[in-house]
1. Just a yes or no: is a residue in the stretch 131-148 of a type in the set (S, T, N, Q) and out of contact with any His (no Cβ under 7 Å at 6 or more places or on another chain)?
2. What residue, of Val91, Val71, is under 19 Å from Ile172 (Cα atoms), in contact (Cβ under 8 Å) with a residue 24 or more places away in the chain and either among the small types (Gly, Ala, Ser) or assigned to a strand (DSSP E or B) (or both)?
3. Given the criteria exposed (fewer than 15 other Cβ atoms within 10 Å of the Cβ) and not in a strand (DSSP E or B), does Lys167 qualify?
4. Identify, please: which residue in the stretch 1-29 is crowded, with 18+ Cβ neighbours inside 10 Å and more than 12 Å from Val186 (Cβ to Cβ) and is, among those, modelled with the lowest pLDDT?
5. Looking at the stretch 175-257, what strands (runs of 3 or more DSSP E) fall wholly within it and have at least 3 residues that are in contact with a strand residue (DSSP E or B) (Cβ under 8 Å, 6 or more places away or on another chain) and open to solvent by less than 70 Å² (accessible area, probe 1.4 Å)?
6. Select from the stretch 117-138 the residues that are surrounded by 21 or more Cβ atoms within 10 Å (Cβ to Cβ) and among the aliphatic types (A, V, I, L, M) and list them in ascending order.
7. Residue pairs, Cβ under 8 Å, 6 or more apart or interchain, first in the stretch 169-189 and at positive phi, second part of a helix (DSSP H, G or I). List them.
8. Out of the residues in the stretch 30-54 that are among the polar types (S, T, N, Q) and within 17 Å of Leu225 (Cβ to Cβ), which is least open to solvent (accessible area, probe 1.4 Å)?
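The values are calculated or read from the model by the stated rules, or taken from the named source; none is laboratory data. Since we're looking at a predicted model, the values are computed, not measured. Because the Cβ atoms are built from the backbone with ideal geometry, glycine has one as well, and the counts that use them run over all protein chains shown. Calculation scope for accessible area: heavy atoms of the full protein, side chains included, ligands and nucleic acids excluded. Shrake-Rupley method; radii C 1.70, N 1.55, O 1.52, S 1.80 Å.
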Amino acid sequence: GAGPEGCRSRTRATVEETARLGKCLVAQNGGYFDMDTGECFGNVVSNGRLVQTSRGLQNAQFGIRQDGTLVFGYLSEEEVLAKENPFVQLVSGVVWLLRDGEVYVNQSRELECSKTQTTGTFDIFINTMSARTAVGHDKEGRLVLVHVDGQTDGRGLNLWEMANFLKEHGVINAINLDGGGSATLVLNGTLANYPSDHCQPDPMWRCPRQISTIVCIHEPLCHPLDCGGHGRCVLGKCQCSGAYWSGAACDILDCGPSNCTRHGTCTESKSGGSGPG
């Protein structure tokens with residue numbers, strides 16, 4: 001997400017800005033939000049922290065549980081708040097595009113809250129050609145992020161086409177995330193798509209929209225994140241710097257085999273002690 005405080009303070013930023021802060025290798029826009037107030041819609045869990053629930057409104061969800069399980073589809077509030085194997089990441093979309101390998105757009109139309117999106121009626125929303133963002137998984141359980149450039153009513157895909165495109169490419173479950181001017185793809189901190197919103201104050205150019213939440217793919221995190229200031233995080237493991245720091249969190253100070261021979265205190269610079277009085 002854009003950080004737990006983003007939704008609470010209704011703060012918005014471009015995907016590029018937030019992706020750099022989160023050191024994202026790949027980032028896309030996430031859930032829906034109120035364009036006027038910045039209010040986030042739906043469930044939001046960011047890095048294990050519950051930011052908000054949907055208060056019972058039903059829309060398609062994408063989440064990751066504590067054990068790494070990917071979850072797609074509909075969730076009750078009890079499931080969102082469950083303490084056993086809780087969600088560490090969760091975001092709400094609109095329309096469950098694929099369910100168990102089959103197009104699920106028509107069923108979503110009957111089951112979901114249509115007011116989360118503001119394109120128009122639910123039928124208009126589903127059938128409008130536009131830029132699209134989706135998240136899903138394939139039969140191997142691998143996470144799949146999909147971005148389609150477009151311009152509302154001009155180019156891109158409608159949700160039927162998006163669902164069939166994903167199905168043709170081996171996706172099993174997928175939900176539709178915010179699209180249109182919000183649809184943004186950032187690779188290694190650099191904008192990688194052509195935005196559809198006109199820039200202000202010069203509408204000749206196109207600019208990425210400031211949005212509320214993102215989906216961020218990053219290297220595994222270390223605990224603590226900075227390895228206690230005594231190392232660097234590499235693929236989720238702390239590599240300790242200097243001769244004296246060790247341990248999984250680089251928090252064990254050891255002066256070596258002699259260990260000050262019990263006559264001093266091990267410090268970062270050297271063994272310290274006192275001579276005879």
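1. There is no residue in the stretch 131-148 that is of a type in the set (S, T, N, Q) and out of contact with any His (no Cβ under 7 Å at 6 or more places or on another chain).
2. Criteria check complete, one pass: Val91.
3. no
4. Among those residues, the one meeting the criterion is Ala2.
5. Here the list reads 214-217.
6. Correct list: Ile126, Ala131, Ala134, Val135.
7. Gly189/Glu16; Gly189/Ala19; Gly189/Arg20
8. Across the stretch 30-54, the extreme among qualifying residues is Ser46.
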